[in-house]
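The values are calculated or read from the model by the stated rules, or taken from the named source; none is laboratory data. Every value quoted in this text rests on a predicted model; they were computed, and no experiment measured them. With ideal geometry, Cβ positions are generated from the backbone for all residues, glycine too; neighbour counts draw on all protein chains shown. Just the protein is used for accessible areas: all its heavy atoms, side chains included, with ligands, DNA and RNA removed. Shrake-Rupley method; radii C 1.70, N 1.55, O 1.52, S 1.80 Å.
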Amino acid sequence: MKKKFKIFLISLISVCTLCFIAWAGINIYIVSYAKPYIITEEETENLDKDCVLALGAQVLPDGTPCHQLYDRVQIASQIFNNGAGEKLLLSGDARVPEEYDEITAMKEVAYEYGVEEKDILSDGAGLNTYTSMENLKENFNFSSCVIVTQEYHIYRSVYIARKMGLDAYGVCSDPRGYATIVYNEARETLARVKAFYMIEIDK
């Protein structure tokens, strides 16, 4: 009985070790892959890509954007105004706008920073990062973009976009601290593993 338990324990430790190595390796790979394409706000001036892409995030019950979403659209609007892209593309969940609408909340922030309606494109089916990139390429026929999101999320976003063949750059939108940052960063390490599987294995 003791021998069987010992074999089980060794096997369990081996599996856990391999999983940890794979998890760590994938995270290092994705961050390293995307890092050369992460640029500053100043470096986007007159970059003139097809669009500046602001990725969706939570909208509160009163219809206002959470801090992370507000900051994404704020920075995206500012670099759009400085010539980073020809259009501002807002991508989020607005499938049932009477119940939950990220796009309307994002538009209000864009208007606040001087972006006109004629310069805004909306992707209300941007349910996740992968879908947003897929829609940008297939529904809007864009081949280049500047992606705006928080630093923890930017590496995976740029990785997915570039693996899809987009000429993508990323700008971080972290003008303040966030109460959920520890949770977000931990969750993101798992999301990178999922993205790696979708892009590299389950093609």
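When you look at A125, is it surrounded by fewer than 19 Cβ atoms within 10 Å (Cβ to Cβ) and touching a helix residue (DSSP H, G or I) at 6+ places or on another chain (Cβ under 9 Å), yes or no?
Considered against the rule, which asks whether it is surrounded by fewer than 19 Cβ atoms within 10 Å (Cβ to Cβ) and touching a helix residue (DSSP H, G or I) at 6+ places or on another chain (Cβ under 9 Å), A125 comes out as yes.
What are the pairs, 6+ residues apart or on separate chains, where a residue within segment 109-132 that is at positive phi has its Cβ under 8 Å from a residue that is surrounded by fewer than 19 Cβ atoms within 10 Å (Cβ to Cβ) and of a type outside the set (K, R)?
G114/N81
Please state which one of V182, V158, V171 is of a type in the set (V, I, T), open to solvent by 80 Å² or more (accessible area, probe 1.4 Å) and either more than 21 Å from Q74 (Cα to Cα) or not in a loop (DSSP other than H, G, I, E, B) (or both).
Only one candidate passes the filter, namely V182.
Condition check: under 20 Å from I79 (Cβ atoms) and open to solvent by 50 Å² or more (accessible area, probe 1.4 Å). Does E134 satisfy that?
For E134, the condition - under 20 Å from I79 (Cβ atoms) and open to solvent by 50 Å² or more (accessible area, probe 1.4 Å) - is not met.
List the number of the failed condition for I7; all other conditions in (1) without any contact (Cβ under 8 Å) to a residue 24 or more places away in the chain; (2) exposed (fewer than 12 other Cβ atoms within 10 Å of the Cβ); (3) within 30 Å of E108 (Cβ to Cβ) hold.
I7 satisfies every listed condition except (3).
From the residues in segment 137-147 that are outside any loop (DSSP other than H, G, I, E, B) and touching a helix residue (DSSP H, G or I) at 6+ places or on another chain (Cβ under 8 Å), which one is surrounded by the most Cβ atoms within 10 Å (Cβ to Cβ)?
Taking the candidates together, the pick is I147.
If we scan segment 56-67, do we find a residue that is in a helix (DSSP H, G or I) and either open to solvent by less than 90 Å² (accessible area, probe 1.4 Å) or within 24 Å of R156 (Cβ to Cβ) (or both)?
yes
For segment 78-104, enumerate the residues that are outside any loop (DSSP other than H, G, I, E, B) and in contact with a Lys or Arg (Cβ under 7 Å, 6 or more places away or on another chain).
G85, L90
Does K107 satisfy being in a helix (DSSP H, G or I), open to solvent by 20 Å² or more (accessible area, probe 1.4 Å) and more than 29 Å from C19 (Cβ to Cβ)?
Against the criterion (in a helix (DSSP H, G or I), open to solvent by 20 Å² or more (accessible area, probe 1.4 Å) and more than 29 Å from C19 (Cβ to Cβ)), K107 qualifies.
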